[in-house]
């Protein structure tokens, strides 16, 4: 059944593009135009007219575009592959909303965190997005974040790594007692899965992972791991932006950490 909103969208940054594509959806079933509309719907936005495209069918005439025909969009099985098709005025679009895909990749080193006890972001500038918009999570959505970089630390210095959604802490290594290390490498792996969706106290997310680094002595690995479930404060009805921070226990120019690589991927 098509969804009928209370009002039509008449002006948006993509309206002209949508109109051009819709005008191409004629009896010849131009597959390039169909694919273009499919990309517009599923590629970079969760909606085309302020409504949820996860509905089973959407009447394209609600766009309020001149000469728009009553085509409908039907989202096929989540993550399915293959071209879109137009059959009996229904545009069958593969729903890639749950398909694995890259969300963000860092394109330069982060700021060096040194000679400070202030909690500071480990993430650098990149392309993509670290934000899931309000209502964008579904139960079972899973993500993987991986960071690598360089680290130096004094023996017995402490370092704390936190993983957050906005201000809500999803994972916390606590204070790690560091061994002496000089310009060595470190790595952080973080896995996330949405268990329930909703407001605070209802929504929940499971987070697990490892942080490890190479110490000077014997070039051995040291580190810690973590696994938690967060429901207090976590809220899928608002925007959620990933934040990853580091904090030294004491300020010293000999203590340095920064990231060089970071990618965030949707895995399910």
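Can you tell me how much longer the chain between residue 185 and residue 212 gets when fully stretched, taken as 0.36 nm per residue apart minus their C-alpha distance, in nm with one decimal?
Working it through step by step, the gained length comes to 8.8 nm.
With a 10 Å radius around each residue's Cβ, average the other Cβ atoms per peptide and rank 215-224, 163-172, highest first.
Highest to lowest by the protection proxy: 163-172, 215-224.
All of the numbers you see were taken from the coordinates with simple rules; none came from a lab. Keep in mind the model is a prediction, meaning the values are calculated, not measured. Positions of Cβ are backbone-derived with ideal geometry, glycine not excepted, and every protein chain shown enters the neighbour counts.
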